[in-house]
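Reviewing the structure listed below.
FYI, it's all coordinate maths here, none of it is from the lab. Here the structure is a predicted model, which means the values were calculated and not measured. Note: ideal-geometry Cβ built from the backbone for every residue, glycine included; neighbour counts use all protein chains shown.
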Amino acid sequence: MNYKYVVKTSFRLLPNYILCDIITIRDALRRGGSDMSKKEGNEFSFFTYKGYPLVRNKDVLYYGNMYDEYVIMLQILKTKKVKGLDVASKVKVYQMSTDESLNPLEAITRTAEKDGLYEALDLAEVWLKRSMAKVKSKA
């Protein structure tokens, strides 16, 4: 896949940095880790939330296993200050297929917008569980 082509032709719908993040995070996770992970023995481990890996890259979080059918991308749109810390106040949630043959824009199967990171992660977990149930029922 020509990544420059994907970024140039897709920028009308998603910002360029999101497409670049999708490609680099997906490739890093498939290789078995990167600077974002901590190596323990011969395996890489990621921070998990409710049993799924959670990886952050600036204002974009990726939730789920890259070897599963779907993964969730959470984009922080707005933040607010709470006791001196930036807290996500508006989060866009994307469910994406991990099929490499798809264009990144075609890979997006669902979207939603939530107030706060907790609500977004809660929705993401439901989407992942439902997509896993559908995959298991087809097999």
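What the table below lists for this structure:
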read-out: Residues of region 71-122 classified as part of a helix (DSSP H, G or I), under 19 Å from Lys58 (Cβ atoms) and among the hydrophobic types (A, V, I, L, M, F, W, C), total; value: 3
read-out: Filter result (touching a Phe, Trp or Tyr at 6+ places or on another chain (Cβ under 8 Å) and free of Cβ contacts under 8 Å to residues at least 40 places away in the same chain) within region 97-120; value: Ser97, Ile108, Thr109, Arg110, Thr111
read-out: Ala120, sole failed condition from (1) within 18 Å of Asp68 (Cα to Cα); (2) touching a strand residue (DSSP E or B) at 6+ places or on another chain (Cβ under 6 Å); value: (1)
